[in-house]
Amino acid sequence: MSYETVSRLAQQGGTVYFVILFLGGLAYAFWPKKKDEFQRAARLPLDEEEG
């Protein structure tokens, strides 16, 4: 196996790994059960009292 072959396989594997992680992150962010948690977190800076 030459360096070019190993390099190409590593690049393709890294791309596939990144796409899988990215899609997992999207699924986590858009999961319907997470909506309330994200809305509460978005309101957190506005709900805190000054002081």
- Message: Pull out all pairs, ordered by first then second residue, where Cβ-Cβ is under 9 Å, the residues are six or more apart or on different chains, the first lies in the range 12-35 and is free of Cβ contacts under 8 Å to residues at least 60 places away in the same chain, and the second is hydrophobic (A, V, I, L, M, F, W, C).
- Response: A29/F38
- Residue identified as surrounded by fewer than 10 Cβ atoms within 10 Å (Cβ to Cβ) and assigned to a helix (DSSP H, G or I) among L23, L46: L46
- Query: Residues in the chain that are touching a helix residue (DSSP H, G or I) at 6+ places or on another chain (Cβ under 8 Å) and of a type in the set (D, E, K, R): how many?
  - Reply: 1
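Only the coordinates and a few stated rules stand behind these numbers; no lab work does. Computed from a prediction, not measured in an experiment: that's the story for all the values here. For neighbour counting, all protein chains shown are included, and Cβ atoms are generated from backbone atoms with ideal geometry for every residue, glycine included.
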